[in-house]
1. Sort Val57, Val273 by heavy-atom solvent-accessible area, probe 1.4 angstrom, most to least.
2. Could you tell me the calculated FRET efficiency between Arg405 and Gln433, based on Cβ-Cβ distance and R0 = 25 angstrom, to the nearest 0.05?
3. Two decimals is fine: what's Rg over Rh for segment 53-361, C-alpha atoms, Kirkwood radius as Rh?
4. What full-extension length gain, to one decimal in nm, is calculated for Arg88 and Asp276 as 0.36 nm per residue of separation minus the Cα-Cα distance?
5. Would you mind getting me the FRET efficiency between Arg328 and Ala360? Use the beta-carbon distance for r and R0 = 22 Å, nearest 0.05.
6. Can you compute the modelled spin-label distance between Gln199 and Glu398, with each label point 7 Å from Cα toward Cβ, in nm?
7. How large is the accessible surface per residue of segment 53-361, computed with a 1.4 Å probe and reported in Å² as a whole number?
8. Would you mind computing Rg(Cα) / (2.2 N^0.38 Å) for segment 145-268, counting N as its residues?
Amino acid sequence: MMACPRRRVLLQGSGLAALLLRERDSVFRSAGLSVRFRHHSTKTAPQLPGMEYQDAVCTLNTLQTNAGALEQVRRERNQPQQQLQAMRSFLERAGLTVEQLDHLNIIHVTGTKGKGSTCAFTEQILRSYGFRTGFYSSPHLVQVRERIRINGQPISKDLFSKYFWQVYGPLDETKGDQGGSMPAYFRFLTILAFHVFLQEKVDVALVEVGIGGAFDCTNVIRKPWVCGVSSLGIDHTQILGDTIEKIAWQKGGIFKLGVPAFTVRQPEDAMAVLRDRATEIGCPLWVCPELDTYQTDSGPLSLGLAGRHQRSNASLALQLSHTWLQKRCGPGGTFTDPENRSRSQAPSFHLSPIMVKGLANTEWPGRTQTLKHGTVTYFLDGAHTMRSMQACVEWFRETAARHERSGSGPAARVLLFNATGERDSAAMLKLLQPCQFDFAVFCPNITEAIASCNADQQNFNVSVENMLTRCLDNERSWHLHNNRGEDNATSLFIGDRLSLVPEKMADTLVFPCILSALQWVTQGRDPVLTGPQNTVLPVKPSITAKAAPLCEAAEIHVLVTGSLHLVGGVLKHLDLESAK
């Protein structure tokens with residue numbers, strides 16, 4: 001078993017981010033605080049009480065891919081059969097076969113944005129009918145076990161640990177056989193999810209694609225009952241391609257011969273590719289109708305997930321669940337083709353009260369989620385593409401305005417933003433300009449500067465130096481969008497005020513972690529953030545003075561967006577139940 005000793009992260013190099021870390025460490029040491037991050041030893045250590053789950057997660061984290069491994073994955077994308085054969089080999093070494101997966105009654109969903117929400121709607125509908133559901137999604141927000149759900153709930157820590165070692169053990173024991181290796185992080189979790197669903201005997205398994213479709217490791221699935229494609233856009237271009245047509249080709253790779261598939265309305269170029277892929281594979285493909293065309297006995301539909309963009313996700317979920325129910329419960333257990341198949345438009349139908357209730361009761365944390373803590377309201381949305389950010393802006397402006405109309409007085413608006421990977425954060429920040437924020441705050445996806453051993457949000461793929469450098473870039477982009485330049489910026493780049501570089505950067509504030517950013521933004525008005533479990537980090541008087549508008553406002557509205565990992569780090573501090 002493996003414990004997780006905490007250790008300092010030492011950065012190499014003399015770049016700005018390294019200087020930032022040294023300056024920040026000095027500030028905290030002077031206040032009697034140590035700075036530790038969530039990195040853990042991979043060496044075997046004596047077992048500590050209550051560490052069984054953390055042991056499993058620490059061991060899982062050793063499978064995270066570094067930059068070199070990611071580049072290898074990109075190169076291997078040109079050999080799809082080799083990729084899928086490797087996945088089948090991992091399955092067999094773990095004691096599973098693709099034939100066993102055929103019995104999971106899978107609904108397989110891909111897309112650029114909305115695939116998780118679509119699965120959440122679908123899962124809630126089928127669970128409302130009384131079926132035992134499994135749901136595999138990514139990424140997790142607070143704890144990795146969120147990725148594998150049974151009947152809508154993350155599997156327990158005990159179950160995660162039990163099943164983890166059942167899968168990890170055989171793979172580890174055979175990794176030296178015939179040049180074998182351990183599967184990477186996401187592949188392992190996919191195998192683990194299949195194992196859990198088989199052992200827990202679910203009636204239906206909803207499987208969300210990781211990246212793309214054709215070459216994604218979930219595409220080892222041979223016989224799904226129905227497939228879905230949510231809204232397509234530009235993302236993961238280094239892996240999937242840099243045009244909507246290339247991305248649509250990848251997404252259409254989950255289509256299977258004779259298996260019905262549904263898609264929301266797509267850009268015409270993407271739609272043409274999806275149709276060609278469906279014809280090539282022999283897959284019947286239909287476009288979902290508008291949500292308001294479905295008939296109900298109870299008036300307009302109410303959705304548990306906020307935002308107009310969720311309406312197309314809900315329509316896709318209705319088609320997926322209806323098709324699955326037809327096959328499971330219909331005459332002869334077969335799917336009945338829509339009458340207007342020739343036009344490729346799926347018909348709407350009369351919704352049962354159970355379907356209506358399922359849509360209304362759907363919950364999916366971190367996506368258009370609102371949390372109110374006294375006079376502080378948090379608007380959480382993990383939007384990280386241009387299209388999803390546009391939808392986020394529309395949702396926030398509408399929802400925040402509604403809260404302000406019914407509020408106790410003037411509200412200060414704060415943006416808390418971070419973006420990771422290859423995403424164009426400058427373009428996303430430009431989309432956020434119309435929200436009229438009083439402050440813009442940026443921080444890395446580091447939950448807290450002083451951390452207990454919690455490996456769930458550990459990330460070996462990105463260095464602390466890279467994260468902080470990206471934050472500085474985001475702050476500069478915000479200044480430029482506001483036509484203020486770097487000298488006269490009034491927006492805030494999170495943190496303690498540190499003399500990092502030339503004097504012209506004096507107005508730049510850099511908080512080292514999510515907790516310190518939240519504490520500054522809320523100014524002690526959220527008791528959850530000032531509780532005994534959190535250390536209140538020191539702030540210089542000059543920085544306290546800048547927060548006067550936050551102290552004077554009747555309410556504070558905080559939009560957290562740009563990264564699901566950022567949203568997860570925020571929820572870890574705001575939703576204490578989710579971190580247990």
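1. The residues order as Val273, Val57, largest area first.
2. 0.65
3. 0.96
4. Working it through step by step, the gained length comes to 64.9 nm.
5. Efficiency, rounded to the nearest 0.05: 0.45.
6. Label-label distance for Gln199 and Glu398, simple model: 4.3 nm.
7. 39 Å²
8. Numbers: Rg = 16.6 Å, N = 124, 2.2 N^0.38 = 13.7 Å.
For segment 145-268, the normalised Cα radius of gyration is 1.21.
The values are calculated or read from the model by the stated rules, or taken from the named source; none is laboratory data. Quantities reported herein were computed from a predicted structural model and do not represent experimental measurements. Neighbour counts run over all protein chains shown; Cβ positions are idealised from the backbone, glycine included. Heads up: the accessible areas ignore ligands, DNA and RNA and are worked out on the full protein's heavy atoms, side chains in. Shrake-Rupley method; radii C 1.70, N 1.55, O 1.52, S 1.80 Å.
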